[in-house]
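Following: one structure in structure tokens, then a few remarks.
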Amino acid sequence: MGKLRGFEVAKGFEDKEITLPVRKTKFSAGYDFTAAEDCIIPSFKKGMKPTLVKTGIKAYMQDDEVLIIANRSSNPGKKGLILANSIGVIDKDYYGNPDNDGHIMFAFYNIKEEDIEIKKGDAIGQGIFQKYYVTDDDNAQEERIGGFGSTNK
């Protein structure tokens, strides 16, 4: 039996002591992601882009599955961090793409008055594998040719 679903270290992070996501309890739905490096998430100012926090992780899965990435429940209240896109959708074909090898990043805004420091190894979010369905008349044939945000290019 081949690989079904899981996590690997993305290219460029092999020597950075990256921690693969894990579930902390036997009934947890989410796999906890940690930051791959130290970074600062500046206090939000109108017009600024979100800060991409690197994980150094890529995910593989079955054809009819998706990895949903979500914020930690404690991040908004304790650190003022919210995900810019509310949730992230990691498609099967994001894995190994030629732009960034499928590297998963969390896009954060910081709603606190002060900048927030994230340290390498800090828990930043979680990922949940889910099955998805397509409509009877679905006929999508295009193939992904890029990485982060590439499907509308």
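The values are calculated or read from the model by the stated rules, or taken from the named source; none is laboratory data. What you see is a predicted model; the values in this text were computed from it and never measured. FYI the Cβ positions are ideal-geometry reconstructions off the backbone, even for glycines, and counts take in every protein chain you see.
Observations on the structure shown:
- The strands (runs of 3 or more DSSP E) found wholly in region 14-72 include none carrying at least 2 residues that are in contact with a helix residue (DSSP H, G or I) (Cβ under 6 Å, 6 or more places away or on another chain) and over 17 Å from N85 (Cβ atoms).
- Whichever residue in region 48-65 is surrounded by fewer than 19 Cβ atoms within 10 Å (Cβ to Cβ) and among the hydrophobic types (A, V, I, L, M, F, W, C) and, among such residues, is nearest to E114 (Cα to Cα): M48
- Of all the criteria given as (1) out of contact with any Ser or Thr (no Cβ under 7 Å at 6 or more places or on another chain); (2) surrounded by fewer than 20 Cβ atoms within 10 Å (Cβ to Cβ), the one not satisfied by K112 is (1).
- Among the residues of region 30-40, those identified as in contact with an Asp or Glu (Cβ under 7 Å, 6 or more places away or on another chain) and surrounded by 15 or more Cβ atoms within 10 Å (Cβ to Cβ) are T34, A35.
- So I57, is it under 12 Å from the mean Cα position of the chain (by Cα), under 13 Å from F129 (Cβ atoms) and at pLDDT 95 or above: no
- Residue in region 67-83 that is surrounded by the fewest Cβ atoms within 10 Å (Cβ to Cβ), counting only those that are under 14 Å from Q126 (Cβ atoms) and of a type in the set (A, V, I, L, M): I68
- Cβ-Cβ contacts under 6 Å between residues 6 or more apart (or on different chains), taken from a first residue in region 1-23 that is within 15 Å of G56 (Cβ to Cβ) and modelled with pLDDT of 95 or more to a second residue that is assigned to a loop (DSSP other than H, G, I, E, B) and of a type in the set (D, E), are listed as A10/D101; K11/D101.
- Every test in (1) outside any strand (DSSP E or B); (2) surrounded by 15 or more Cβ atoms within 10 Å (Cβ to Cβ); (3) of a type in the set (S, T, N, Q) is passed by N139 save one, and that test is (2).
- Some residue of region 125-143 being in contact with a Leu (Cβ under 7 Å, 6 or more places away or on another chain) and more than 18 Å from F7 (Cα to Cα): no
- Taking each residue of region 35-64 that is without any contact (Cβ under 8 Å) to a residue 24 or more places away in the chain and looking for partners that are surrounded by fewer than 18 Cβ atoms within 10 Å (Cβ to Cβ) and assigned to a strand (DSSP E or B) with beta-carbon atoms closer than 7 Å, six or more apart or interchain, yields nothing.
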